[in-house]
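The structure appears below as structure tokens.
The values are calculated or read from the model by the stated rules, or taken from the named source; none is laboratory data. All of these numbers come straight from a predicted model, not from anything done at the bench. Note that we place each Cβ from the backbone using ideal geometry, even for glycine, and neighbour counts take in every protein chain shown.
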Amino acid sequence: MIEKKVPLKDYCSYKTGGKAEFFTCPTDTFDLKVVLKFASDNSIPVTLIGTGYNILVSDKGVKGLVVSTGCMNNDIQIEGELVFAGAGVSLNDLILKCIDNGLAGLENMSGIPGSVGGAVIMNAGAFGTEIKDVAVQIEMCGFDGVVSSIHAEDAGFGYRKAENLKGIVTGLGLKLEHGNKDELLAKRAEILKKRSEKQPLEFPSCGSVFKRPEGGYAGTLIEQCGLKGYKIGGAQVSEKHANFIVNTGKAKSADIYALINHVQETVFKETGIKLEREVRFVGF
Ligand SMILES: Cc1cc2nc3c(=O)[nH]c(=O)nc-3n(C[C@H](O)[C@H](O)[C@H](O)COP(=O)(O)OP(=O)(O)OC[C@H]3O[C@@H](n4cnc5c(N)ncnc54)[C@H](O)[C@@H]3O)c2cc1C
């Protein structure tokens, strides 16, 4: 079903942003292909999102059709050490299901919010494990509706990117290892504890705003530049973790956008280091 004028703040973890002219959440690849054909036949531009944990949506909204794969192919299959997860599976549900089946390899990524599709495109990772370390094959659908299967080594995975994946991720094949369920659960709990101690999870955010620069941490540089707690409108550099920008309640996307630019410019002026954005802009 294609809806009109849907508020994208409900699909962006900053809880800001304007409306999508048209919006849809396909339930499976067939549904996705129908939607893509409709958009192509009517010359409607398509913007893709997963579950919105790493995007900032313009206050002006998005013209054309926004397609969220956040509930597409919401299915997990496990055969021995091989796992297949659809793009709309929540990464955390996948991690729990694998642990429940005594499969190790994903537990370090516990607590990373978002869908499998978004995690693949971002090559999401934490505590030394990234999607690329466990991915075997990626199922894709081109914007022309043609489906393909790509070996993980051809995906162009790098730090928070998958350069060669040009279409829509519809599913992910993984190879894990057998492990001890209780130990994996303990590891998951330890990681969730660390995350809640270090991250301002009580406020809407998109996690780390900037990628880690070579030889250092974005948060440390931002803090050294005296920007911890710095505010523009309702957006603030988190007091708890300087690489997080949080919505303190009434932020507009414009506030967050301006703060991201201010941080980038200040850090460059003070240190000569150009911080690269991890969060992706939509509709700007
Ligand atoms: C509190 C918090 C903590 C976080 N911690 C981490 C962390 O430790 N490590 C980490 O890596 N990230 C972290 N993130 C960022 C975020 O969770 C990840 O980037 C996540 O993988 C985004 O998934 P998503 O489905 O929400 O993608 P979205 O934010 O919706 O989209 C991100 C990008 O992926 C593209 N995309 C999404 N789905 C598809 C698809 N099916 N096919 C093709 N392209 C697609 C979108 O077009 C967009 O460019 C954190 C975020 C928050 C809010």
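Looking at segment 203-232 only, could you name the residues that are surrounded by 17 or more Cβ atoms within 10 Å (Cβ to Cβ) and away from the ligand (no atom under 16 Å from the Cβ)?
Leu221, Ile222, Cys225, Leu227, Tyr230, Ile232
What number goes with the only condition from (1) closer than 30 Å to Glu177 by Cβ; (2) in contact with a Gly (Cβ under 9 Å, 6 or more places away or on another chain) that Lys19 does not pass?
Among (1) closer than 30 Å to Glu177 by Cβ; (2) in contact with a Gly (Cβ under 9 Å, 6 or more places away or on another chain), Lys19 violates only (1).
Which of the residues belonging to segment 197-223 are in contact (Cβ under 8 Å) with a residue 24 or more places away in the chain and over 18 Å from the mean Cα position of the chain (by Cα)?
Within segment 197-223, Lys198, Pro213, Gly216, Tyr217, Ala218, Gly219, Leu221, Ile222 qualify.
Could you tell me which numbered condition Glu107 fails, if it satisfies all but one of (1) of a type in the set (Asp, Glu); (2) surrounded by fewer than 23 Cβ atoms within 10 Å (Cβ to Cβ); (3) over 27 Å from Ile256 (Cα atoms)?
(2)
Name the residues in segment 93-119 that are more than 10 Å from the ligand (Cβ to nearest atom) and not small (Gly, Ala, Ser), would you?
Keep residues of segment 93-119 that are more than 10 Å from the ligand (Cβ to nearest atom), which gives 93-107.
Asp93, Leu94, Ile95, Leu96, Lys97, Cys98, Ile99, Asp100, Asn101, Leu103, Leu106, Glu107, listed by residue number.
If Gly167 satisfies all but one of (1) assigned by TED's automatic domain parsing to the domain that holds Gly145; (2) touching a helix residue (DSSP H, G or I) at 6+ places or on another chain (Cβ under 6 Å), what's the number of the condition it fails?
Going through the list (1) assigned by TED's automatic domain parsing to the domain that holds Gly145; (2) touching a helix residue (DSSP H, G or I) at 6+ places or on another chain (Cβ under 6 Å), Gly167 breaks only (2).
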